[in-house]
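Since the structure comes first, as structure tokens, the remarks are kept for the end.
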Amino acid sequence: MLEAQRAAFFADLPVSLATRRDRLRRAMLMIEQNADMLCAALAADQANQDVDSARLTEVVPSLAALRAAKDGVGRWMRAEGRGGLLVRLGGGGDYTGYLPVGVVGMSAPGSLPLLQTASILASVLAAGNRVMLKFDAASPQLGRLVGELAPAFFDPLELAVASGD
């Protein structure tokens, strides 16, 4: 899967603003449309959490993180101009350009798994990367559910969810 995602990444360069926003939009849709099932999975995985607290502590902030990334990605991906030697010599200036790295492997943590995963995923997708995601053994229900939901919203070459060992 890694090599397939890497090849797809290089074939699609440069990653446009529209593509980045679309991926973030689909991540938000996946959570919004399946919030009840996600809350039930979170409650099943964590004995100290019920469905209502899962919604308040994980689902709502996850959507906020993805929305903030969708709103800010256009500003974040702009190159920043700098002074530098060339400006002092009368030529063009230096700049810092922000480019994606390709494929990012993510290991979802056991505590606040949806929130932390969505927060990191927001950054990774906004940066124009593709994702391989593995959930912690402490979140088997959530990992199984996200693994079932993701193909309806993402091509496996954009987001792949690993299961088992």
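What follows draws every value from the coordinates through simple rules; no lab data is involved. Please read these numbers as outputs of a predicted model, since none were measured by experiment. Using ideal geometry, Cβ is built from the backbone for each residue, glycine included, and neighbour counts are taken over all protein chains shown.
Some points to look at:
- For a label point 7 Å along the Cα-to-beta-carbon line of Glu80, residues of segment 103-145 with backbone N under 19 Å: 123-124, 126-128
- About its Cα centre, the dipole of segment 1-55 is roughly 380 debye, where the only charges are +1 on Lys and Arg Cβ and -1 on Asp and Glu Cβ.
- Charge dipole magnitude, Cβ of K and R +1, D and E -1 - the chain, Cα centre, debye nearest 20: 780
- For Glu3 and Leu99, a Förster radius of 30 Å and the Cβ-Cβ distance give a FRET efficiency of 0.90, rounded to the nearest 0.05.
- When the inverse distances between all different Cα atoms of the chain are averaged and flipped, the Kirkwood radius reads 16.9 angstrom.
- Residue of Gly81, Gly97, Gly72 that the Gaussian network model of the chain assigns the largest fluctuation, springs spanning Cα pairs under 10 Å: Gly81
- Build a GNM of the chain with springs between Cα atoms under 10 Å apart, and of Val103, Val59, Val51 the one that fluctuates most is Val51.
- Only helices enter this figure: runs of n ≥ 4 DSSP H residues, each worth -39500 (n - 2.57), summed and divided by the residues of the chain, yield -17000 deg cm²/dmol at 222 nm to the nearest 500.
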